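S.K.: Got a structure for you, written out below as structure tokens; questions coming shortly.
The values are calculated or read from the model by the stated rules, or taken from the named source; none is laboratory data. Bear in mind that the values here come from a model prediction, so they are computed numbers and not experimental data. We place every Cβ from the backbone using ideal geometry, glycine too, and count neighbours over all the protein chains shown. Calculation scope for accessible area: heavy atoms of the full protein, side chains included, ligands and nucleic acids excluded. Shrake-Rupley method; radii C 1.70, N 1.55, O 1.52, S 1.80 Å.
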Amino acid sequence: MIAPTTLFALDTLLTDEEREIRNTVRLVCDREIRPQVAGWFEAGELPARELARTLGSLGVLGMHLDGYGCAGMGAVSYGLACLELEAADSGLRSLVSVQGSLAMYAIWKYGSEEQKQEWLPAMAAGERIGCFGLTEPDFGSDPGGMRTTAKREGGDWVLNGTKLWITNGSVSDVAVVWARTDEGVRGFLVPAGTPGFTVNDVKHKISLRASVTSELVLDGVRLPAAAMLPGARGLSGPLGCLNEARFGIVFGAMGAALDCLEATLAYTAQREVFARPLSSYQLTQEKLADMALELGKGLLLAVHLGRLKEAGTLTPEQVSLGKLNNVREALEIARKCRTLLGASGITLEYPVIRHSVNLESVLTYEGTSEIHSLVIGKALTGIPAFK
Ligand SMILES: Cc1cc2nc3c(=O)[nH]c(=O)nc-3n(C[C@H](O)[C@H](O)[C@H](O)COP(=O)(O)OP(=O)(O)OC[C@H]3O[C@@H](n4cnc5c(N)ncnc54)[C@H](O)[C@@H]3O)c2cc1C
């Protein structure tokens, strides 16, 4: 018997340091997260503050950023960390992606020196949590239509509007909020507790239950001029952050798929049907082979994109290729694994159905699969078909 990743000799593509980082993250997930995650999912709760500190000491929060207490690791190392976190649960990887690639990246890339000093070291340590408010109730795939406004009043800015589906919202110390101004879309740092700023959690989720998802309401929120991110102007600001987070998903989705496949390989080896192990049937082996193949191809694509990112040549279209393929295939793998687990596959005793419903969110956030198809279609034809 040979593990799916060994079949593809994936480790030969990684440096010693990258393998070490992956193994360390896996160890922490095995010890501190896996034993509890199904319970958090079932309860629809996440001990986000405690987890953030654990993840901060592990060094994965903003791990691909340089300076300000961040680890300054390469793209593949960051991707492998996302893979291991999402093998535990997509909610956990979402916490890390939003903290590191959306909130911290926005401050790191577009913030003033004072903003960086104030927020980044504490966020890298997991002492403070951030969220990223772009989506609105009426504008998800088309954020350019946003209605949230920021207007100058004297030296201040006054924000009004609503953001929805915001990961980490109610556990955040700071929200990066994107708003329409006279000079185009701009980003603002809104500390929790600012008068006029309220946060309500989204209830009754069936997907990503081990993740906090919130609505942010801004009702005459007055901020000093220094709250604006000086380096971001226009939609390219938030889209630049999304590109970072999408890259993590290219690896992360394969982590969820790997966890499903590993659980299914173990299950089919011990489950007897018609007096023989389920794994001994040709129909089963065809499913297992197809899944290992898609998993391996997705991992190879992820590492390739990671190397391009490290070389500084990765394009948004290439990130779209990875996000579209790997989330779609991970979802397919999770569904196929569920069939092999039979009725047991619908319980939280096995991780498969949890990954499967989580991946439904992953398919939608950070650009839906349709939007990524349109990005690739535009690259291939030169014709934008978004509108
Ligand atoms: C669990 C979760 C966490 C999230 N976290 C965050 C967060 O932290 N911050 C944040 O800002 N947002 C977040 N989001 C929001 C997410 O990014 C949006 O849900 C996503 O962009 C899609 O927007 P929408 O839900 O409004 O769907 P819509 O944009 O209304 O899309 C509905 C359908 O229409 C399709 N569609 C849209 N445009 C086109 C087109 N031009 N051609 C063909 N089909 C099209 C879509 O692909 C989709 O199938 C989160 C969402 C979820 C579910």
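S.K.: Within segment 32-66, list the GluC sites (Glu not before Pro) lying in a DSSP loop whose Cβ has at most 13 other Cβ atoms in a 10 Å radius.
M.R.: Listed in order of number, the matching sites are E45.
S.K.: Output the relative contact order of segment 248-387, whole-number percent, from Cα pairs under 8 angstrom with separation of 6+ residues.
M.R.: Once divided by the residue count of segment 248-387, the mean separation gives 30 percent.
S.K.: Give, rounded to the nearest 20 debye, the magnitude of the charge dipole that segment 281-351 has about its Cα centre when Lys and Arg contribute +1 at Cβ and Asp and Glu contribute -1 at Cβ.
M.R.: Once rounded to the nearest 20, the dipole reads 80 debye.
S.K.: Taking a 1.4 Å probe, which of M228, M104 shows the most accessible area, and what order do the others take after it?
M.R.: Correct descending sequence by accessible area is M228, M104.
S.K.: Now for a separate question. Could you give me the ³J(HN,Hα) list for segment 133-150, computed from phi with Karplus coefficients 6.51, -1.76, 1.60 and θ = phi - 60°, whole Hz, x at Gly and Pro?
M.R.: x, 10, 5, 10, x, 9, 9, x, 5, 10, x, x, x, 3, 9, 4, 10, 10
S.K.: Just checking the chain: which Cys have no other cysteine's beta-carbon under 4.7 Å?
M.R.: Isolated Cys, the chain: C29, C70, C82, C131, C241.
S.K.: Report the FRET efficiency, 1/(1 + (r/R0)^6), for E360 and F386, where r is their Cβ-Cβ distance and R0 is 22 Å, rounded to 0.05.
M.R.: Efficiency, rounded to the nearest 0.05: 0.45.
S.K.: Just name one of T181, T213, G161: the one whose Cα is farthest towards the positive end of the charge dipole of segment 130-227 (beta-carbon charges, Lys/Arg +1, Asp/Glu -1).
M.R.: Of T181, T213, G161, it is T213.
S.K.: Check the straight Cα-Cα distances from K336 and name the lysines below 18 Å, setting aside those fewer than 8 residues away within the same chain.
M.R.: Leaving aside lysines fewer than 8 places away in the same chain, those within reach of K336 are K287, K297.
S.K.: In degrees between 0 and 90, to the nearest 10, how far off the longest principal axis of the chain does helix 34-43 point, with axes built from Cα atoms?
M.R.: Taking the Cα atoms of the chain, the angle to 34-43 is about 60 degrees.
S.K.: Now a separate question. Solvent-accessible area per residue for segment 210-323 at a 1.4 Å probe radius, Å²?
M.R.: With the other protein chains kept in place, segment 210-323 gives 41 Å² per residue.
S.K.: Could you size up the charge dipole of segment 227-282 around its Cα centre, putting +1 on the beta carbon of Lys and Arg and -1 on that of Asp and Glu, and report it in debye to the nearest 20?
M.R.: Dipole magnitude for segment 227-282 comes out near 140 debye.
S.K.: With everything on Cα atoms, drop me the angle between helix 282-311 and the longest principal axis of the chain, reported from 0 to 90° to the nearest 10.
M.R.: The two axes meet at around 40 degrees.
S.K.: Calculate how steeply helix 352-364 sits against the longest principal axis of the alpha-carbon atoms of the chain, using the helix alpha-carbon long axis, and give the answer as 0 to 90 degrees to the nearest 10.
M.R.: That works out to roughly 40 degrees.
S.K.: Just grab the label-to-label distance for R233 and V217, each label 7 Å out from Cα along the Cβ direction, in nm (one decimal).
M.R.: Each label point is offset 7 Å from its Cα along the Cβ direction, giving 3.5 nm.
S.K.: To continue, here is another question. Send over a whole-number figure in Å² for the accessible area per residue of segment 27-96, probe 1.4 Å.
M.R.: 34
S.K.: If R₀ is 45 angstrom, what is the calculated FRET efficiency for the pair N200 and L7, using the beta carbon separation as r and rounding to 0.05?
M.R.: Working from the Cβ atoms, E equals 0.45.
S.K.: Go through 318-330, 361-373, 189-201 and give me the packing order, highest mean Cβ count within 10 Å leading.
M.R.: Top to bottom by mean Cβ count within 10 Å: 318-330, 361-373, 189-201.
S.K.: Can you tell me the relative contact order of the chain? Whole percent, Cα pairs under 8 Å, sequence separation 6 or more.
M.R.: 18
S.K.: While we're looking at this one, here's another question. Could you sort the peptides 56-63, 302-309 by per-residue average Cβ neighbour count (10 Å cutoff), highest mean leading?
M.R.: Most protected by this proxy first, the peptides run 56-63, 302-309.
S.K.: In debye, nearest 20: dipole of the chain around its Cα centre with unit charges on the Cβ of K, R (+) and D, E (-)?
M.R.: In debye, rounded to 20, the chain gives about 540.
S.K.: Something else: Beyond 23 Å between alpha-carbons counts as too far, so tell me which of K163/K205; K116/K205; K116/K203; K309/K378; K205/K309 fall in that bin.
M.R.: K116/K205; K116/K203; K205/K309
S.K.: Based on the mean of other Cβ atoms within 10 Å per residue, sort peptides 119-131, 85-97 so the most packed one is first.
M.R.: 85-97, 119-131
S.K.: Rounded to the nearest 500 deg cm²/dmol, what is the calculated helix-only ellipticity per residue at 222 nm for the chain, with -39500 (n - 2.57) per DSSP H run of length n ≥ 4?
M.R.: The helix contribution divided over the chain gives -16500 deg cm²/dmol.
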